[in-house]
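Colleague: First the structure, which I've put down as structure tokens, then a few questions once you've had a look.
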Amino acid sequence: MIALNVLILEDSIDDCAILLRELRRGGYDPIYKMIYTPEAMQQELVSRKWDIVISDFSMPQFDAFAALELLHNTQQDIPFIIVSGTIGEDRAVSAMKLGAHDYIIKGHLKRLVPAVERELREAAIRKERRIADETIHRLAYTDPVTDLPNRVRFREIVQTAFTNAHNGKRPIALLLMDLDRFKEVNDTLGHERGDNLLYQVGIRLRNALFENDVVARLGGDEFGILLPQLAAAEDVQHVIRNLHDCLEQPFIIDGIPIVVECSIGVAMSPDHADDADTLLQRADIAMYRAKQMASDYAIYEPKFNQNSPERLRLMAELRDAVEQNQLQLHFQPKVSISTGKVIGTEALVRWQHPRLGLIFPDKFILTAEQTGLIGPLTQWVLTDALTHCQNARREGIQLKISVNLSARSLHDPHLPEMIRKVLKITDTQPEQLVLEITESAIVLDPKRAAENITALSKIGTGISIDDFGTGYTSLSSIKQLPVNELKIDKSFVTNMLTDAQDTMIVRTIIDFGHNFGLMVVAEGVETREVYDALAAFGCDVIQGYFISKPLPCEQLKSWQKNSAYKI
Ligand code: C2E
Ligand code: CA
Ligand code: CA
């Protein structure tokens, strides 16, 4: 007998007895309560965890509609089955819309046990998804190295501070702090010691601030500090001094004393910005200024906010670069764990700059987005990638090719048409192409993103969610998109063996992806050990330096000849 906590909304003892008999016959041991007023239901919902509610449709003082509303208000997800005489189709439909899971006519009680079994099963699946959702969200909000809030969370905190500040009218200050020469520490002493240093810096910063202030690690060697309740704008100077003071004593890492210096950029509201994103951006500008001037800190001034001449020059040059074929693609193989074969490659763009040499995409993609050059750039990348793909096919090699789409491109209503054209010009099949879209690009404008993703999947291209785990899409919203692939962000993969939290997130994403029938790819695999662990977790596809760095087309061909991973 299976114990079943069942709340029975019924005013007839006889009917209740019939229900119980039916449940017992089905192998359940009902631990039940029979009630027939809203007050009683309210009380029962808080006093015990119920597996299921079985409800009559109408009772003298209560009915199923009111009961559903009550249940809804408590935000509990408990299966709700109506057992009643005929109530008419329209009312049955209304009840379903209000959240009832099934409706059984009293004459057909044989259906009760199968319905209970099914609804318990479904509720268990919903619960599992909720837990997966919550785990990933929690992990997506904290920085694993310092246990502080991460960039995504920090931005939310700053936004909330703005919402609250309208009431209090107190100034808000935002400080961005960048450790000077941290990269040297990392390079000479190794990542592990570098991480240890960041952790200790986090603790000192935390201790130097008031309870209500927030410290977050925004990435690399950058920390964000929010002072949400300054009494007066001048007080910020005092805080800056405290922060510098707290870093003065050397840090001792494995017995080695390390001196840390930092630059701080400050922006304040209402003086410099009226919203969270502007405030963050201006603090960032101030921080660069502090670095440029080699000073301890800088407070934002509008005159800082000019694009640097180098940046302007690069933007102008990028325009020519697209036309003059200075862009080139490198390709990184993706290998199936189960077969050990190369199943595709990811195209990654580089800029062979005549003066500055090879420039990586993180230096120019954002600029391209801001200047509207991303459209021509994306078109160039797609055309070149698919031309390579087509050439390979002529040599008898069938490979899928993955191309990255930036947020701007994803939200461009002309994108599907452009892709259709490029497929036609290069004479490639849509199935050969996989488009990688970052989770954060979807979050930026979910509605438009969904429209384009749907249009693209109709064309027949594959869709992959890139950098998965770093954004904060709910897992259920991904489920609604026609997506084929999830790529676990490399920040979780690379260190997964030394970081329990990373291991957990990688496992959760793999399980979650499989539950929804998606192929799960891990990027940033640098060692055999990580490869083996991913294989044990059931991950499908691997990409990373362990297999190969991204290579120009010709070099990839010779890699292929000598490699153990065959096509
Ligand atoms: P992504 O899509 O996440 O690409 C993976 C990045 O990780 C690449 O950097 C790749 O070289 C690097 N990587 C690959 N394996 C490993 C590994 O084992 N360890 C480590 N540490 N890194 C690894 P890359 O080429 O610098 O590209 C950076 C980002 O620029 C890409 O991130 C992508 O978001 C963007 N990007 C690249 N090409 C394009 C493009 O054609 N269009 C757009 N819109 N964005 C692009
Ligand atoms: Ca990618
Ligand atoms: Ca990625």
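Taken together, the values in this text are just the output of simple stated rules run on the coordinates, not laboratory data. Quantities reported herein were computed from a predicted structural model and do not represent experimental measurements. Here Cβ is always computed from backbone atoms with ideal geometry, including for glycine, and neighbour counts include all displayed protein chains.
Colleague: Sort 340-353, 131-144 by the packing proxy (mean of other Cβ within 10 Å over each peptide's residues), most packed first.
Modeller: Numbers: 340-353: 19.6, 131-144: 16.6.
The densest-packed peptide leads the list: 340-353, 131-144.
Colleague: Taking a temperature of 4 °C and a viscosity of 1.567 mPa s, what whole-number D in µm²/s does Stokes-Einstein yield for region 2-141 with Rh from Kirkwood over alpha carbon pairs? Show your work: numbers first, answer last.
Modeller: Values: Rh = 15.6 Å.
Taking Rh from Cα pairs, D becomes 83 µm²/s.
Colleague: Among the aspartates and glutamates, select those whose C-alpha is under 14 Å from the C-alpha of residue 106, and discard any that sit fewer than 8 residues away in the same chain.
Modeller: 10, 14, 15, 22, 56
Colleague: Can you run phi through the Karplus equation (6.51, -1.76, 1.60; θ = phi - 60°) for region 453-465 and list ³J(HN,Hα) in whole Hz, with x for Gly and Pro?
Modeller: The phi angles translate into 4, 5, 4, 5, 5, 5, 4, x, 7, x, 10, 10, 8 Hz.
Colleague: Need the list of lysines near residue 557 for cross-linking: C-alpha distance under 17 angstrom, and skip anything on the same chain fewer than eight residues off.
Modeller: 334, 341, 400, 549, 566
Colleague: Relative to the longest principal axis of the chain, what angle (0 to 90°, nearest 10) does the C-alpha long axis of helix 500-515 take?
Modeller: Taking Cα atoms only, the helix is inclined about 60 degrees.
Colleague: Within the set of other residues whose C-beta is less than 11 Å from the C-beta of residue 462, count the net charge using Lys and Arg as +1 and Asp and Glu as -1. Don't skip to the answer; put the middle values down first.
Modeller: On the way: positive: 400; negative: 431, 436, 485.
Here the count lands on -2.
Colleague: In whole Hz and in residue order, list the ³J(HN,Hα) couplings for region 487-499 that follow from phi through the Karplus curve 6.51 cos²θ - 1.76 cosθ + 1.60, θ = phi - 60°; x for Gly and Pro.
Modeller: So the Karplus estimates, Gly and Pro as x, are 10, 5, 4, 5, 5, 8, 6, 4, 9, 4, 7, 9, 10 Hz.
Colleague: List the lysines whose Cα sits under 23 Å from the Cα of residue 110, skipping any in the same chain fewer than 8 residues away.
Modeller: List returned: 33.
Colleague: HN-Hα J couplings of region 289-304 from phi, Karplus 6.51/-1.76/1.60, θ = phi - 60°, integer Hz, Gly and Pro as x?
Modeller: Values per residue, Gly and Pro as x: 4, 4, 5, 4, 7, 6, 10, 5, 7, 9, 9, 3, 9, x, 5, 5 Hz.
Colleague: Count the net charge of all other residues whose Cβ sits under 14 Å from the Cβ of residue 190, scoring Lys and Arg as +1 and Asp and Glu as -1.
Modeller: On the way: positive: 183, 193; negative: 184, 187, 192, 195, 254.
That sum, taken over residues with Cβ under 14 Å, equals -3.
Colleague: For region 2-141, with the dipole built from +1 on Lys and Arg beta-carbon atoms and -1 on Asp and Glu ones, taken about the Cα centre, which of 53, 131, 40 lies farthest toward the positive end?
Modeller: Projecting each Cα onto the dipole axis, the largest value belongs to 131.
Colleague: If you add up the charges near residue 504, with Lys and Arg at +1 and Asp and Glu at -1, over every other residue whose beta carbon is less than 12 angstrom from its beta carbon, what do you get?
Modeller: Summing Lys and Arg as +1 and Asp and Glu as -1 gives -1.
Colleague: Can I ask one more? Along each principal axis of its Cα atoms, how long is region 151-301 end to end? Whole angstroms, biggest number first, please.
Modeller: Principal extents (Cα only, largest first): 49, 31, 27 Å.
Colleague: Using Cβ counts within 10 Å as a stand-in for footprinting exposure, how do 468, 210 rank, fewest first?
Modeller: On the way: 468 28, 210 9.
Fewest-to-most ranking of 468, 210: 210, 468.
Colleague: Ranked highest first by the average count of other Cβ atoms within 10 Å around their residues, in what order do 203-209, 392-398, 45-51, 80-86 fall? Let's see the in-between values first.
Modeller: On the way: 203-209: 17.0, 392-398: 11.6, 45-51: 13.4, 80-86: 20.3.
Taking the mean over residues of other Cβ atoms within 10 Å, the ranking is 80-86, 203-209, 45-51, 392-398.
Colleague: I want to make sure I understand the PRE zone here: with the label point 7 angstrom from the Cα of residue 443 toward its beta carbon, which residues in region 207-241 have backbone N atoms less than 17 Å away?
Modeller: Of the residues in region 207-241, 216-220, 224 have backbone N under 17 Å from the label point off residue 443.
Colleague: Okay, moving on. Which three lengths, in whole Å and largest first, does region 487-533 cover when its Cα atoms are put on their principal axes?
Modeller: Dimensions of region 487-533 along the principal axes of its Cα atoms: 28, 18, 17 Å.
Colleague: Using only Cα atoms, find the angle between the long axis of helix 553-562 and the longest principal axis of the chain, and express it within 0 to 90 degrees, rounded to the nearest 10.
Modeller: The angle comes out at about 70 degrees.
Colleague: OK, next. Just going by the charge dipole of the chain, with Lys and Arg at +1 and Asp and Glu at -1 on Cβ, which of 18, 71, 338 is farthest out on the positive end?
Modeller: 338
Colleague: What is the magnitude of the charge dipole of region 151-301 about its Cα centre, with +1 placed on the Cβ of each Lys and Arg, -1 on the Cβ of each Asp and Glu, and no other charges, expressed in debye to the nearest 20?
Modeller: Values: 15 positive and 24 negative charges, 49 e Å.
Computed about the Cα centre, the dipole is about 240 debye.
Colleague: Under the rule of -39500 (n - 2.57) per DSSP H run of 4 or more residues, summed and divided by the residues of the chain, what mean residue ellipticity at 222 nm is obtained, to the nearest 500 deg cm²/dmol?
Modeller: Rounded to the nearest 500, it is -14500 deg cm²/dmol.
Colleague: Next question. With a point put 7 Å past each Cα toward its Cβ, work out how far residue 122 is from residue 398 in nm, to one decimal.
Modeller: It is 4.0 nm.
Colleague: I'd like the antiparallel share, as a percent to the nearest 5, of DSSP beta bridges with both residues in the chain.
Modeller: Numbers: 41 of 86 bridges.
Approximately 50 percent, going by the DSSP bridge assignments.
Colleague: For region 137-186 and region 507-554, what is the separation of their C-alpha centers, rounded to whole Å?
Modeller: Answer, in whole Å: 30.
Colleague: Using amide H atoms built in the peptide plane, which far-off residues or other-chain residues are under 5 Å from residue 218 H to H?
Modeller: 223, 224
Colleague: What is the log10 of I(q)/I(0) for the chain, computed with the Debye formula using one identical point scatterer on each Cα and no solvent, at q = 0.05, 0.09 Å⁻¹?
Modeller: Listed by q, the Debye log ratios stand at -0.31, -0.89.
Colleague: For residue 102, what residues show an amide H to amide H distance below 5 Å, using hydrogens built from the backbone and excluding near sequence neighbours?
Modeller: HN-HN under 5 Å from residue 102: 80, 82.
Colleague: Around residue 461, which amide H atoms from residues at least 5 apart in sequence, or from another chain, sit under 5 Å from its own amide H, with H modelled in the peptide plane?
Modeller: none
Colleague: Follow-up. Where the centre of each part is set by its Cα atoms, how far does region 252-294 sit from region 7-32, in angstrom?
Modeller: Computed from Cα coordinates, the inter-centre distance equals 65 Å.
Colleague: Ok, one more. For a protection proxy built on the mean count of beta-carbon atoms within 10 angstrom, sort 328-338, 30-40 highest first, please.
Modeller: Details: 328-338: 20.0, 30-40: 16.8.
Ranked by mean Cβ neighbours within 10 Å, highest first: 328-338, 30-40.
Colleague: In degrees, nearest 10, range 0 to 90: what is the angle between the Cα axis of helix 235-246 and the longest Cα principal axis of the chain?
Modeller: Helix 235-246 sits at roughly 80 degrees to that axis.
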